[in-house]
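One structure below.
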Amino acid sequence: MAVLFFSSEWVNAFKDAINANPDYRTAAAEWTHGVVALVTKALPPGLPADTGMWLDLDRGVCREARVVSAEEAAKAPFCITGDYARWKQVLRGELEPIKGMMQGKLRLKGDLPTIVREVASAKALVASGASIDTTFHDE
């Protein structure tokens, strides 16, 4: 059964998918830089306000994943913000997140050199999300 993107159910499924992905576990084994938050811009009526996703990532494991306000997400050491359409492109494999940051399609708050070194783990995170049967608000 398809799960609505950026809903609490989707975020929980994402955590499970991350933790079930051996490629992520290997690629992110050295990640000790803390939480990565993702923020999507509002897409009324489905997302009436900017919405965040809090991912507590540590050494290849997602310890916690939850929906948060954009304000709370901005407090994370790494916060990546984009329009809903951009996140949909990322999830569908049409836009690599690090490339999107370099092109200004996604905005990063945090240390860019640290993120740039994590290309393999970013790809594995995307693959984890892509494995979820997802429904989008605008489709």
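The values are calculated or read from the model by the stated rules, or taken from the named source; none is laboratory data. Remember, it's a predicted structure, so these values are computed and weren't measured experimentally. Note that we place each Cβ from the backbone using ideal geometry, even for glycine, and neighbour counts take in every protein chain shown.
Only one of the listed residues (Leu4, Leu38) is in contact with a strand residue (DSSP E or B) (Cβ under 9 Å, 6 or more places away or on another chain) and surrounded by fewer than 18 Cβ atoms within 10 Å (Cβ to Cβ). That residue is Leu4. Scan the range 110-118 and tell me whether some residue there is of a type in the set (Ser, Thr, Tyr) and exposed (fewer than 14 other Cβ atoms within 10 Å of the Cβ). Yes: one or more hits. Among the residues of the range 7-35, those identified as among the acidic types (Asp, Glu) and touching a strand residue (DSSP E or B) at 6+ places or on another chain (Cβ under 9 Å) are Glu9, Asp16. Tallying residues that are in contact with an Asp or Glu (Cβ under 9 Å, 6 or more places away or on another chain) and either in contact (Cβ under 8 Å) with a residue 60 or more places away in the chain or among the hydrophobic types (A, V, I, L, M, F, W, C) (or both) within the range 61-75 yields 4.
Residue by residue through the range 119-139, note down the ones that are surrounded by 14 or more Cβ atoms within 10 Å (Cβ to Cβ), more than 13 Å from the chain's Cα centre (by Cα) and assigned to a helix (DSSP H, G or I). Val119 - this is the single residue of the range 119-139 that is surrounded by 14 or more Cβ atoms within 10 Å (Cβ to Cβ), more than 13 Å from the chain's Cα centre (by Cα) and assigned to a helix (DSSP H, G or I). Of the candidates Trp87, Trp54, the single residue that is touching a residue at least 24 places away in the same chain (Cβ under 8 Å), within 11 Å of the chain's Cα centre (by Cα) and within 23 Å of Asp16 (Cα to Cα) is Trp87. Scanning the range 85-109 for residues that are at pLDDT 95 or above, part of a helix (DSSP H, G or I) and either surrounded by fewer than 14 Cβ atoms within 10 Å (Cβ to Cβ) or in contact with a His (Cβ under 9 Å, 6 or more places away or on another chain) (or both) yields a total of 0. The set of residues in the range 23-74 that are of a type in the set (Lys, Arg) and under 16 Å from Glu118 (Cα atoms) comprises Arg25, Arg59.
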